[in-house]
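Right, one structure below, let's go through it.
Nothing in this text is a laboratory measurement; each read-out follows from the coordinates by a stated rule. Just so you know, these numbers come straight off a predicted model, no measurement behind them. Ideal geometry is used to build each Cβ from the backbone, glycine not excepted, and the neighbour counts take in all protein chains shown.
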Amino acid sequence: MAERIGLMVHADPGPGVLFQLTGVIARFNGDIVSVEIVNAGGDEARVYFEVALEASAGPLVAEMTALPIVRLVQVVGTLQAIYGKRIIIMGGGAQVGQVAIGAISEADRHNIRGERISVDTIPLVGEQPLADAVRAVARLPRAKALVLAGSIMGGEIEKAVRDVRAQGLLVVSLNMAGSVPEAADLVVTDPVQAGVMTVMAIADTAKFTVDRLQRRVF
């Protein structure tokens, strides 16, 4: 069975770095689950990989370290294991803060039991900035749920919500004015409860699933 490992590679900067590194991973039949260029330019390039590997990581690390461009290869804990699933909360600052109270409190309860759930927030206003941010959540690694916290959202934001839901992202909305609540998976009036229910919906250590609810507005 393949084991997911994290690799932090410190290398000389310049073109072709990623090509050479991924070539080594491919030769060991590693499946690159995630890659991030942590630092580019300057006097060093740092690239972080999460790789599913069936064999021991030792030979892969040795061959990668032998590349002339590589300075150091570290086997590290994966972000999935350390930070786990991500919940993104965006919208008005006051509402975002209240949702975060519920989400962080509930995540703490599950994380104590071995779960890994992290909570990210960004206060934003404006239809286009919010729509752009909603669509960007689908590109964030480990993002499993989005909470839209505000008093009125619609238009392009609604379209963005439908786009990310089609990609498998769970979207929870506060019960607000505008058309976004009609597009969301779940609508919750109380912001603290919205945070709690979002964590419960994605937690492996909870028995709550949105699909089994008889209604979706609370």
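Using unit Cβ charges (K, R positive; D, E negative) and no other charged atoms, how large, in debye to the nearest 20, is the dipole of the stretch 95-135 about its Cα centre?
My answer is approximately 160 debye.
Rounding to the nearest 20 debye, state how big the charge dipole of the stretch 68-179 is about its Cα centre with +1 on each Lys and Arg Cβ and -1 on each Asp and Glu Cβ.
Values: 13 positive and 9 negative charges, 101 e Å.
Rounded to the nearest 20 debye, it is 480 debye.
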Show the residues, 5+ positions off or on another chain, whose built amide H is closer than 5 Å to the amide H of PHE218. VAL187, VAL188, THR189
Out of residues 5 or more away from ALA206 or on other chains, whose amide H comes under 5 Å of its own, with H placed 1.01 Å from N in the peptide plane? none
For the stretch 154-162, take each phi angle, set θ = phi - 60°, evaluate the Karplus expression 6.51 cos²θ - 1.76 cosθ + 1.60, and give the result in whole Hz per residue in order, putting x for glycine and proline. x, x, 5, 5, 4, 4, 5, 4, 5
Interchain or long-range residues, amide H under 5 Å from SER179's placed H: MET153, GLY154, GLY155
Nothing charged except the Cβ atoms of Lys and Arg (+1) and of Asp and Glu (-1): what's the magnitude of the dipole of the chain about its Cα centre? Round to the nearest 20 debye. 480 debye
